[in-house]
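Trainee: Pasting a structure below so you can have a look.
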């Protein structure tokens, strides 16, 4: 798909994963070039979250391979994958609600011993998300959804990952807050060189942020291209961008289409 000469930070080849007896993804292959942002688009239930869970070790693939930074990681325990430099921010954020903001952030750095580096990264996070600094002693469960999303992203950044998996970071947030968070993701990628694999329902925001994109339909990749080309695609415009993102009507029309233009 890409013209990158360097080896990709992530290479997924022909993976199949199941939820119980149901095959959720079938024959999925994708790459994340080092230092780039890649997005996966698709209707609800297409299998986007399953891809991320399979990469991060939450689910074991029945078939296929997952290579991270040159190492095979399929069926590796999630904690070992984290130690290799992969951070997963799941859908719903999943912060520790009874721990304070400071304690949640500390959990992100629990594998690190470089105190000076942690302190520097913490200051950078407070530049990205100033409101977290004002809430360090507040239990995370008392924060708004947007603030919890900022905390979840910051917790991942504090592990100094090579790759961040982000699952629906805009879910349930206001358009202004989504714009703010996506702007910070762009800065994290540009300033720290962190690669990002983004699963997102807000197709327009995702395609404007990312460098490359995949379209997933019922567990299969049906399109893959640069985001510039995907934004210009009539199919993407019709089925995903008609009202700034996916709609129930758009999803139904997408599933019922007969041919690609």
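Taken together, the values in this text are just the output of simple stated rules run on the coordinates, not laboratory data. All values reported here derive from a predicted model rather than from experimental measurement. Heads up, the Cβs are rebuilt from the backbone with ideal geometry, glycines too, and the neighbour counts pull from every protein chain shown.
Trainee: Rounded to whole Å, give me the distance from the Cα center of region 39-104 to that of region 126-189.
Mentor: Each part reduced to its Cα centre gives a spacing of 17 Å.
Trainee: What Rg and what Dmax come out for region 108-152 when only alpha-carbon atoms are used, in angstroms?
Mentor: So, for region 108-152, Rg and Dmax equal 11.4, 31 Å respectively.
Trainee: Next question, about the same structure. Given the chain, what percent of its DSSP beta bridges are antiparallel, to the nearest 5? Provide the component values of the computation, followed by the final result.
Mentor: Values: 21 of 39 bridges.
Among the beta bridges of the chain, antiparallel pairing accounts for roughly 55 percent.
Trainee: For helix 175-192, report the angle its Cα long axis makes with the longest principal axis of the Cα atoms of the chain; keep it between 0 and 90° and round to the nearest 10°.
Mentor: Compared with the principal axis, the helix lies near 80 degrees.
Trainee: Determine the relative contact order of the chain: mean sequence separation of Cα pairs under 8 Å and six or more apart, normalised by residue count, in whole percent. Working shown, then result.
Mentor: Details: 477 pairs, mean separation 64.3, N = 261.
Reported relative contact order: 25 percent.
Trainee: Plugging the Kirkwood radius over Cα pairs into Stokes-Einstein for region 40-80, at a temperature of 10 °C and a viscosity of 1.306 mPa s, what D comes out in µm²/s? Kindly include the intermediate steps, with their values, before the conclusion.
Mentor: Working: Rh = 10.9 Å.
Rounded to a whole number, D works out at 146 µm²/s.
Trainee: What is the fewest-to-most order of 60, 69 by other Cβ atoms lying within 10 Å of their Cβ? Can you show the working numbers first?
Mentor: Values: 60 12, 69 17.
Least crowded to most crowded, the residues run 60, 69.
Trainee: Determine, for 98, 129, the number of other Cβ atoms within 10 Å of each Cβ, and report the residues in order from fewest to most. Spell out each step's value before the answer.
Mentor: Working: 98 10, 129 21.
Arranged by neighbour count, lowest to highest, 98, 129 become 98, 129.
Trainee: Could I ask something else about it? So what's the angle, to the nearest 10 degrees on a 0 to 90 scale, between helix 115-128 and the longest Cα principal axis of the chain?
Mentor: 60 degrees
Trainee: Okay, moving on. Over all pairs of distinct alpha carbons, what does the Kirkwood formula give as the hydrodynamic radius of region 18-101, in Å?
Mentor: Working: mean 1/r = 0.0697 Å⁻¹.
Over region 18-101, the inverse of the mean reciprocal pair distance is 14.4 Å.
Trainee: Rounded to the nearest 10 degrees, what's the angle between the helix 145-157 long axis and the longest principal axis of the chain, both from Cα atoms, 0 to 90?
Mentor: 80 degrees
Trainee: Based on the Kirkwood radius over alpha-carbon pairs, what value in µm²/s does the Stokes-Einstein equation return for the translational diffusion coefficient of region 1-144 at 25 °C and 0.890 mPa s?
Mentor: Details: Rh = 17.4 Å.
Taking Rh from Cα pairs, D becomes 141 µm²/s.
Trainee: Dividing the Cα radius of gyration by the Kirkwood radius, what Rg/Rh value follows for region 152-228? Provide the component values of the computation, followed by the final result.
Mentor: Details: Rg = 12.7 Å, Rh = 13.3 Å.
Value, to two decimals: 0.96.
Trainee: Follow-up question, since we're still on this one. Viscosity 1.306 mPa s, temperature 10 °C: what is the translational diffusion coefficient of the chain from Stokes-Einstein with a Kirkwood Rh over Cα pairs, rounded to a whole number of µm²/s? If you can, show how the numbers build up before the last one.
Mentor: On the way: Rh = 18.8 Å.
For the chosen part, D equals 84 µm²/s.
Trainee: Apply the a/c threshold of 1.5 to the C-alpha gyration tensor of region 76-178 and tell me whether it is rounded, prolate or oblate. Walk me through the numbers before you get to the answer.
Mentor: On the way: a/c = 1.63, a/b = 1.21, b/c = 1.36.
It comes out oblate by the Cα gyration axes.
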